[in-house]
Structure formats: structure tokens, C-alpha cells
Amino acid sequence: MPWPVRRFHWPLLVVLMATAILFLPALRYPFVYDDIPQVLENPELRTWNSLPGFFVKSLWSEVGAKGGFYRPLFKTWLVVNYQLWGTNVAGWHAANLICHLLAVALAYALVLRLTRARSIAALAALIFGIHPSRIESVVWISGIADPLMSVFLLGGLLAYLEYVETRRGSWLASAALLLVAALLSKETAIVFAAVVMVHSLAFERKREPERRRAATRAVALFFVITVAYLLVRVMVLGALSGRPTELPLSTVLLTAPSLLGFYARQLAAPFRVSLFYDTPYVRSARAAEFVVPLVFLGILVTALWLWARKEKSPAIAFFSALTLLPLLPTLDLRVFQWKELAHDRYLYLPVLGFSVLVALAVRRIGWHREKPEAFSPPARIAIAVVVLTLMASTSIHVRFWRNPLVLYGWASEVAPNNATALNLFARELLAANRKADALAVYSRVVHLAPNWWEVHYNAGVLAYELGRYAEAEVLLGRAIELAPQNAAQFYILGLVRLAANRPRAAEAALRQALERYPSGKDLHEALGKALLAQGRQKEAEEEFAAGRTLAAGDGGPQAAE
């Protein structure tokens, strides 16, 4: 029987308690960002009857989006939690934390199985549990996909190891089922077969033929399952993945080193953790953003190879691969929204590989052959420094999630050129009635995303409310260029011109609005005011009467939409 059923491990209890204590404050934090449409506004979660449908449509189909995400078990998790907790946010946070703790326990079991050292397993599991990059996946309710996928994937790895050890078909079947569950939770699990193949090459190559044959059979089965999963994705989504951003392949390849360099920095120095980051595209092979990270990654890979060769350690090779392989699917930048390339949640599984490498490196400090498993006193000091630093960083950054205004404000500070972060921050400032501050932030978004209609429109409305009519006209004019069929922007432009004492120009804008939305009561009333300001009394009365008729009608929309 595999660990952890075999016996209890006290070091793991300490790891789990330390991890839980760090994230307990999040139990009272609110729903944020994608939680609103995915949980609070999603009618599919209110009935068990929705479950079969999750397996035949994309993740965001409930809002009419054509996404490239196929995650039926993630959606099932949402339904189960909604049925348990409803909109009680504490229950959702508790479920996320429990899932993370289960992943930590499985990580401990995997490391212990492969290194045969409790000290390495405990330290690696602790870093895996408390690393600041966990925050997005644990504190953010919609970030549960990575812990959920990792639980199935790590469980599958343990079942595979048991199969190689015992050659019992039930363990291979368990590993296969867990792989399917991981794939249906998040796409990153497609690396599972590659991870198992690396394990086979690193650990099984010099063992008895029967073990090698068992590992080869398992690898072949996992690749077949992965191919079958990809075929199902094509059937459901119409393609292997959605591509909301059209980028030349050269840009994808040139940006990859800087993105990997960013993740390496987040692993080693996670001191400015945020929901968003600035991640520009790299378009030239001569750019420092390409050359510097490429050289750094080359040095890093070489150092890991030399280390593994010197130590003759399959664990170093395997956990180096476990750090890199889950990041490879994130390098296809075309599957992300414009400039939304990097998020901490993509590091959820790679942190495990990194944690083991750190533990193995620390153990070499003052190492003695007589006690190969124990950490020396200097190593313990190093461990204390690393662990306390990570815990302090995590504790500080968790608190940024206590409300949306603080969360997006911090994101805007970390990523001042991220249009999405700034737009969300502006919305929260507006909700807090800080209109002048909101308009200042919107102005930055307009500069960063000149083709984003929503931002121009929202900024134009806000400028109108603040009495900055010239600025409002420019913003609304650009919104009209971007979406000429939308009536709302013509309506607000008409109000701007009325307020600026330009009734004739206001009339032109309002007639444009009515062409697009004839049943808008507010539009007729505003046009009546524009006509009245021009002394056209009879026409104005006709528009006022039309507005009153609409108001007395079926209670439809009262303004342009």
C-alpha cells in the first residue's frame, strides 16, 4: 500500500499547519475578478442538471464566449461548491485551501518516494505550500483549476510509481483515470506523459528489465490518453485551442525566453506578487529582452546539467524537468489575451520541482557522508532564512486580496502598463466615488489600449460627469470610431454637447443615437431639450411626447444600450 496510507508522518503535519495558517485570513475575503461571472452570475451552478453539458462545451460558453478552455471537472467543482456553500464566500475559500493542502501532502509523498529522505520531502513540501506564487491559486476562488489539476496529476504519478514497483494493473488503471481527471481539470496536464517519460529515463534506465518494460508500457498508455484527450478537445472546441491574439510565430519564439526568465525570477525572488504583470512582446532578436534571458537560461540549464552529472542524481534531472515542462504550454502566447502572458497560477506545479532543487542544494551546505539525510547547522540557518522570507512575503501579499480596490490598486502599481489591471482599478475607484482618480487611471488605459472601445466610452462618460466636456467629446469620438453601431456613446455625446451649450451639435449626435435605438425614452427627452434650446418648440414637444409614450409602455429600457 502506498504512502500516505502506510503510516503517519509528523513533518507533514507541521508543513500542513504552517501552510494553513498563512492562508486562513483569506477565508473572509470577497469574490473578485472572474469569480463574479463564473460563480455569482453563473446560472449553470444552481442545478446538478448542468453537469453533463460541461463535457460538450467550452469553459466560458455560458457567457457566449468562444474560449479555448475545456475544463469540465473544474466546472463540476464549481457546481459542487455552489451546492454546498451557495454564495457563502468562506466556504469557497475553505474548499480552495483544503485542495491546496491535499496537493501539498501528495507533493510530500512524491518527493519522499523519489528521494527516500524525509528532510528533503518536508522542506520541499513546505516551500511548495507557502511559496507566494500559491496566492493566486489558493486565495482566488476561480484559481482552483491548478491545485485541482495538480492533485490528480500528483496522485497519478504516485499510482504510476506503485505500478512500476508492483506491476499490478490496478495501479496503472488508477494512474490512467487520474490522468484523465487532471486533463479535464486543466490543459497543463498534457505534460503528464512527458513527465513520466523523464522519470523512466532518469530512474528506471539502469534497473531490471521488467521494471523498464512496465515504465515503457505506462508511458505509451499515457501518450495514447493524451492524444485521445486532444481529439476530444478538437471535437468540442473545433480546434486544439482558441487563439484570441494573432501573433507571428517569430514574436512567440522571441518572447519565450523573457517569459521563462520572468518565471525563474518569480520562483527565486517572489517579492512583488500580483494578479497582473507587465509582459511586453519581444519582436527583435537583437533586443536585450531576448538576448539577456536567453543567455541566463542557457547558463541555468548548463548549471543544472553539470550538477546532476556531478551528483549522479536522477532526482535533480527529474525535478528540473518538472519545473520546466508544465511551463511549456504557456509559451504559446496566441492563446492569451493581448499582453496577458504571465500569471503566478502557471507556476503552481513548477514550484514543486523548484522546491526539491532548493532542498537538495541546501542539504549540500556543510554536508557529511556519515549523515546523508540530515541538514547541517549552517544548512538549518539557510532553511530558516528561506522559509521565514517566503512566509513573510506570502503573509504580506495575501492581504492585498482583502478587497477589489486594494487588489487592483496593487496590481496597477506592480504592472503600471497593464491595461486590464488599470481598467479594473478605475472601475473600483469609480465604485468608491473617486471619480477624478478613476478618470486619471482611465486616461492611462486609453493611452495603453487605443483600440479598446469600452475604456474610451467609460472614460468619456466619466469626463462628462466631471464637467470636462472637451475631453469627453474626444473620448466619445474615439469610441464612436471603434463601435459606430452603439447608440449609448452618441447619447452621451449629445448630453456633453448640451451641457457645453451646443444644442445643434447635440441634436446631430442624438439623432444618430435614435437611428440605432429608436425606443430609448431618454434619447427622445434629450433630443427634445436640444430642440427646445434652439427655439424649436413644436418639434421639442413631439420628442417629449414620444418619450412619455415609451415610458408608459412595456417598461422597456429607459436609455440607450
When both residues are 6+ apart or on different chains and their Cβ atoms are under 6 Å apart, which pairs have a first residue that lies in segment 274-300 and is more than 30 Å from Val138 (Cα to Cα), and a second that is part of a loop (DSSP other than H, G, I, E, B) and open to solvent by less than 80 Å² (accessible area, probe 1.4 Å)? Glu289/Val282; Phe290/Val282
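Conditions tested, residue by residue: (1) open to solvent by 10 Å² or more (accessible area, probe 1.4 Å); (2) of a type outside the set (A, V, I, L, M, F, W, C); (3) assigned to a helix (DSSP H, G or I); (4) modelled with pLDDT under 95.
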residue	(1), (2), (3), (4)
Ile127	no, no, yes, no
Ile135	no, no, yes, no
Asp146	no, yes, yes, no
Leu157	no, no, yes, no
Ala176	yes, no, yes, no
I need the full set of residues from segment 407-438 which are under 26 Å from Phe336 (Cβ atoms) and exposed (fewer than 14 other Cβ atoms within 10 Å of the Cβ), in order please. Glu413, Pro416
Just give me the residues in segment 303-342 being among the polar types (S, T, N, Q) and modelled with pLDDT of 95 or more, in sequence order. Ser320, Thr323
Single residue of segment 256-289 satisfying the filter (within 17 Å of Leu328 (Cα to Cα) and of a type in the set (A, V, I, L, M, F, W, C)) that is surrounded by the fewest Cβ atoms within 10 Å (Cβ to Cβ): Phe262
Segment 181-208: number of residues that are open to solvent by 60 Å² or more (accessible area, probe 1.4 Å), more than 20 Å from the chain's Cα centre (by Cα) and over 19 Å from Trp171 (Cβ atoms): 3
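Which of the residues spanning segment 439-456 are in a helix (DSSP H, G or I), hydrophobic (A, V, I, L, M, F, W, C) and either over 17 Å from Glu471 (Cβ atoms) or open to solvent by 50 Å² or more (accessible area, probe 1.4 Å) (or both)?
Ala440, Leu448, Trp453
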Out of the residues in segment 91-118 that are of a type outside the set (A, V, I, L, M, F, W, C) and surrounded by fewer than 20 Cβ atoms within 10 Å (Cβ to Cβ), state the one that is modelled with the highest pLDDT. Gly91
Mind checking which residues of segment 1-52 are at pLDDT below 95, polar (S, T, N, Q) and open to solvent by less than 60 Å² (accessible area, probe 1.4 Å)? Gln38, Asn42, Thr47, Ser50
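The values are calculated or read from the model by the stated rules, or taken from the named source; none is laboratory data. Given the structure is predicted, the values throughout are model-derived calculations rather than measurements. Positions of Cβ are backbone-derived with ideal geometry, glycine not excepted, and every protein chain shown enters the neighbour counts. Ligands, DNA and RNA are excluded from the accessible area calculation, which covers all protein heavy atoms including side chains. Shrake-Rupley method; radii C 1.70, N 1.55, O 1.52, S 1.80 Å.
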